[in-house]
1. Asn48 versus (1) in contact with a strand residue (DSSP E or B) (Cβ under 6 Å, 6 or more places away or on another chain); (2) surrounded by fewer than 13 Cβ atoms within 10 Å (Cβ to Cβ); (3) of a type outside the set (Ser, Thr, Tyr); (4) under 14 Å from Glu9 (Cα atoms): which is the lone unmet condition?
2. When you go through (1) in contact with a Lys or Arg (Cβ under 9 Å, 6 or more places away or on another chain); (2) without any contact (Cβ under 8 Å) to a residue 24 or more places away in the chain; (3) of a type outside the set (A, V, I, L, M, F, W, C) one by one for Lys16, which number turns out not to apply?
3. Residues of the range 21-64 being of a type in the set (Gly, Ala, Ser) and in a helix (DSSP H, G or I), which ones?
Amino acid sequence: MNEILTVAEAASFLKKHPGTIRRWITNKQLKARKISAGGTGVFVILKNDLLEFSIAEMVKKEHSVKRSVPRPSSKQEILPI
């Protein structure tokens with residue numbers, strides 16, 4: 001069976017603020033289910049969904065890092081030896 005986490009538990013697992021987790025849920029970046037109890041709702045996250053999200057975020061960050069070597073500008077003056 002898949003483990004179910006609260007927003008606070010997911011935040012602790014990812015070392016993020018609970019507000020960040022809620023924002024990701026609201027923006028549909030992180031899958032969650034809303035459980036209603038007495039008119040108020042509580043979000044729960046499946047641990048597998050949280051793991052998939054965190055892996056996808058790591059891959060995105062890795063691809064967004066520029067790994068280029070700075071090259072001299074063609075406009076730079078070449079000094080005589």
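The values are calculated or read from the model by the stated rules, or taken from the named source; none is laboratory data. It should be emphasised that the depicted structure is a prediction, and the values quoted were computed from it without experimental measurement. Cβ atoms come from the backbone with ideal geometry, glycine included; neighbour counts cover every protein chain shown.
1. (1)
2. Evaluating Lys16 over (1) in contact with a Lys or Arg (Cβ under 9 Å, 6 or more places away or on another chain); (2) without any contact (Cβ under 8 Å) to a residue 24 or more places away in the chain; (3) of a type outside the set (A, V, I, L, M, F, W, C) leaves (1) as the failure.
3. Start the filter on the range 21-64 by keeping residues that are of a type in the set (Gly, Ala, Ser), which leaves 32, 36-39, 41, 54, 56, 64.
Once the filter is applied, which keeps residues that are of a type in the set (Gly, Ala, Ser) and in a helix (DSSP H, G or I), the range 21-64 yields Ser54, Ala56, Ser64.
Per-residue answers, yes or no, for (1) at pLDDT 75 or above; (2) over 12 Å from the mean Cα position of the chain (by Cα):
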site: Lys16; (1), (2): yes, no
site: Ser36; (1), (2): yes, yes
site: Leu50; (1), (2): yes, no
site: Ala56; (1), (2): yes, no
site: Ser64; (1), (2): no, yes
